[in-house]
Amino acid sequence: MATQLGRPVSAPTLPLPVVRRSDDEEAKGKSAWIALQKHDRKLLKQEENVLARKKAEAAEEDRTRLSAHQAMEAKMKSIALRRNDFDRKTMDQIGREYRREKMEEKQKAKQIRLEVKDLMQSQIVESKQRRKEAKARQLLEDEQARRECARLVAEEKAEKAAAAEKHRQEMLETSRHLAEQARLKRIAVKEKEANEQKILKEYKEMMARQDAARAAQLQAMADDQARRMALNADVQKAQQANDDAMIARIDRHWKEKYAADDAKFKRECLERQ
């Protein structure tokens with residue numbers, strides 16, 4: 001294969017021809033370059049203005065959400081205070097009614113005991129008087145007193161039986177009255193427990209509705225944030241991180257608050273029971 005001869009190293013190097021533009025072409029190039037730089041600076045300034053406006057809108061939206069969150073917290077605190085005040089007043093009223101019923105029951109029982117005691121004392125006095133009269137008649141009339149004694153003994157037995165029957169009927173009436181009072185008291189206790197269960201059920205339903213509303217609100221915020229991120233992916237990365245952190249803090253705060261409210265309400269229900 002034949003080899004090709006190359007240029008010797010010692011051969012002189014010829015300068016390349018330089019192509020120069022005319023003055024008009026250089027002026028046109030410079031003016032076009034200056035116009036392009038001005039256009040680039042204008043576009044950069046417009047982008048900076050748009051970015052600043054978007055940041056201001058995001059900050060205003062954060063302030064609006066924070067104000068709404070604070071208003072919601074104040075409203076929930078007011079509702080909790082009103083609920084606690086209502087529960088306290090209800091318990092005080094129930095306690096007063098229960099003490100009044102107990103006092104009335106004690107007074108009625110005391111009055112019944114006094115009536116029974118007076119009746120027994122009167123029966124004893126009458127029985128003693130009859131015995132004295134029988135003894136006197138027995139001393140005055142011997143033969144007649146014997147026959148009369150048998151008759152008096154029979155009459156006394158009948159009277160004692162009648163008095164015992166009357167006393168038994170009164171005691172049965174007293175027992176029925178006490179049983180009726182106990183039945184009414186059990187019914188009142190059952191109604192009270194049913195009311196507490198109803199209140200607890202309504203509270204759980206209200207908590208479920210509030211959780212659903214909060215979840216819907218958080219989902220709407222997440223959807224809006226996703227839309228904003230899709231439109232301004234490069235600008236909203238830092239803002240998205242801040243919004244996610246704020247949403248997490250708000251959600252954690254609400255969960256802790258509702259958990260504390262549930263525990264407090266359950267503890268109060270157990271104490272009332």
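The values are calculated or read from the model by the stated rules, or taken from the named source; none is laboratory data. Treat the numbers as computed from the prediction; the structure is a model and nothing was measured. Reconstructed Cβ throughout: ideal geometry from the backbone, glycine too, with neighbour counts over all protein chains shown.
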Which residues, counting only those in segment 194-222, are polar (S, T, N, Q) and over 17 Å from M76 (Cα atoms)?
N195, Q197, Q219
Got a sec? Which of A58, A68, A74, A109 is assigned to a helix (DSSP H, G or I) and in contact with a helix residue (DSSP H, G or I) (Cβ under 7 Å, 6 or more places away or on another chain)?
A58
In the set Q181, Q169, which member is exposed (fewer than 11 other Cβ atoms within 10 Å of the Cβ) and at pLDDT 80 or above?
Q169
Taking the condition out of contact with any strand residue (DSSP E or B) (no Cβ under 9 Å at 6 or more places or on another chain), modelled with pLDDT under 80 and assigned to a helix (DSSP H, G or I), does A220 pass?
no
Could you list, in sequence order, all residues of segment 100-132 that are surrounded by fewer than 11 Cβ atoms within 10 Å (Cβ to Cβ), more than 53 Å from the chain's Cα centre (by Cα) and of a type in the set (D, E, K, R)?
K117, D118, K128, K132
Any residue in segment 166-194 that's in contact (Cβ under 8 Å) with a residue 24 or more places away in the chain: show its pairings with residues that are not in a helix (DSSP H, G or I) at Cβ separation under 8 Å, as long as the two are six or more apart or on different chains.
E193/Q273
Output for segment 184-203, where each listed residue is loosely packed, with under 13 Cβ neighbours inside 10 Å and closer than 30 Å to A259 by Cβ:
E193, A194, N195, Q197, K198, K201, E202
